[in-house]
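The structure appears below as structure tokens.
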Amino acid sequence: MTDAEGGEMRARLSIVVPCYNEEAVIGATLARLAALADRLARPGAGRPVLETEIICVDDGSADATLALLKAAAAAEPRLRVLALSRNFGHQIAATAGTDAAGGDAVVLIDADLQDPPELIEEMVRRWNDGFDVVYGTRTERPGESAFKLATARGFYRVLNRLSEVAIPLDTGDFRLMSRTVVDALKAMPERRRFLRGMVAWVGHRQAALPYARAERAAGVSKYPLRKMVRFALDGILSFSSKPLQLAIAIGLIAAGVALLGILYALVLRIFTDIWVEGWTALFIAVLFLGGVQLVCLGILGEYVARIYDEAKGRPLYLLRERIGFGDGAGEPRR
Ligand code: UDP
Ligand code: MG
């Protein structure tokens, strides 16, 4: 933040919006963000006067999202558009946006107006108070299925138990990050990005801002079950090696059960006239051990796949177009 002539503080803010097939809502979102940017450009209590840039990242949308963004950018000088070469997923789209952001602080927000843009002003105030990260914690989530609510609740709690850093509960990616934190994120080359965990890992001073999440303003969720499972796995596997210990534990338990079975069979054989009879017991034991081995191999495989991904060292994303950026910012990184 710099001190302008009038003695008032000035700073630059970047708002990053990942957009995937959001034609139904993107117009309304841009209008809300532009209104917010207008307000932030005027002096306000407890915060600097802000020059805002809005960076919309088109994550390979198949609908009119990119065309709408381009049309809007022609009329709105604060809007910048990054078009990725294909659908890379929400976390990578958000990364591309933060990489390109030039602000002293960067806000990540969804395109569907589930996170109220007006909350950003309060985030800025907390940042002004000295916090490096201000993350929104969801107190209410209307309009989501009971299944999503229950799985999300369970996921954040399991993740928190497993992970080596404390990842805040019920917290999505709606957050403000200072330049220090953004630069730290930029220095983290990992490919399977789980931003809310990475930001927790970065540390510095972090504050929670409770808010009631709204329903999606229009359109449908871009996180079908399959993506949700992938995302959850990325979170757990990127932030914990405990599943590997779990594999050891399952193996030990299986071996223990087998040992008991052996002892039981031996005792019967030596001290009684009854023998443990063949097929069923054998069959069950083989199936059981086979299952245990496959589960453990699968866990191992997930980690190996991640090592393989990192080893290939491909760029995180590729850009097709950059609109509205004055300088060379926003180049993809390796
Ligand atoms: N999104 C994206 N790429 C994807 C999936 C989603 O950029 O492959 C964006 C989407 O446009 C939205 C945000 O990520 O801005 C969150 O997605 P969504 O609202 O569909 O998820 P939900 O809120 O239902 O979990
Ligand atoms: Mg949403």
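So what's the convex hull volume per residue for the Cα atoms of the stretch 1-89, in Å³?
107
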Relative contact order of the chain: what whole-number percent is it, with Cα pairs under 8 angstrom and at least 6 residues apart? 21
Cleavage-rule hits (GluC sites (Glu not before Pro)) in the stretch 229-310: DSSP loop, at most 13 neighbouring Cβ within 10 angstrom: Glu277
How large is Rg over Rh for the chain, taking Rg from the Cα atoms and Rh as the Kirkwood inverse mean of 1/r across Cα pairs? 1.12
Decide, for the stretch 182-235, between rounded, prolate and oblate: order the square roots of the alpha carbon gyration tensor eigenvalues as a ≥ b ≥ c, take rounded if a/c falls under 1.5, and otherwise choose prolate if a/b is larger than b/c, else oblate. oblate
Can you tell me what share of the DSSP beta bridges in the chain is antiparallel? A percent to the nearest 5 is fine. 35
For the chain, build the charge dipole from Cβ charges (+1 Lys, Arg; -1 Asp, Glu) around the Cα centre, then report which of Leu209, Pro77, Ser61 sits farthest towards its positive end. Ser61
Contact order normalised by length for the stretch 14-145, with contacts defined as Cα pairs under 8 Å and 6 or more residues apart; what percent is it? 34
Rounded Å value of the spacing that divides the Cα centres of the stretch 231-306 and the stretch 55-101: 48
List the trypsin sites (Lys or Arg not before Pro) within the stretch 1-107 that fall in a DSSP loop (any state other than H, G, I, E or B) and whose Cβ has at most 11 other Cβ atoms within 10 Å. Arg86
Among rounded, prolate and oblate, which fits the stretch 22-172 when a ≥ b ≥ c are the square roots of the eigenvalues of its C-alpha gyration tensor, a/c under 1.5 means rounded, and a/b larger than b/c means prolate? oblate
Gyration tensor on Cα atoms of the stretch 69-108, a ≥ b ≥ c root eigenvalues, a/c under 1.5 rounded, else prolate if a/b beats b/c, else oblate, says oblate
Can you give the convex hull volume per residue for the Cα atoms of the stretch 192-299, as a whole number of Å³? 202
To the nearest 20 debye, what charge dipole does the stretch 130-233 have about its Cα centre, counting +1 at the Cβ of each Lys and Arg and -1 at the Cβ of each Asp and Glu? 380
Listed residue (Phe283, Leu185, Val220) projecting farthest to the positive dipole end of the chain, Cβ model: Phe283
Most fluctuating residue given options Leu50, Leu33, Leu252, as computed from a GNM of the chain linking Cα atoms under 10 Å: Leu252
Give the separation of the Cα centroids, the stretch 118-186 to the stretch 36-54, in Å. 23
Among Ala31, Ala217, Ala285, residue whose mean-square fluctuation peaks in a GNM of the chain (springs only between Cα atoms under 10 Å): Ala285
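Every number in this text was worked out from the coordinates using simple rules, so none of it is lab data. Please read these numbers as outputs of a predicted model, since none were measured by experiment. Every residue, glycine as well, gets a Cβ built from its backbone with ideal geometry; the counts of neighbours run over all protein chains shown.
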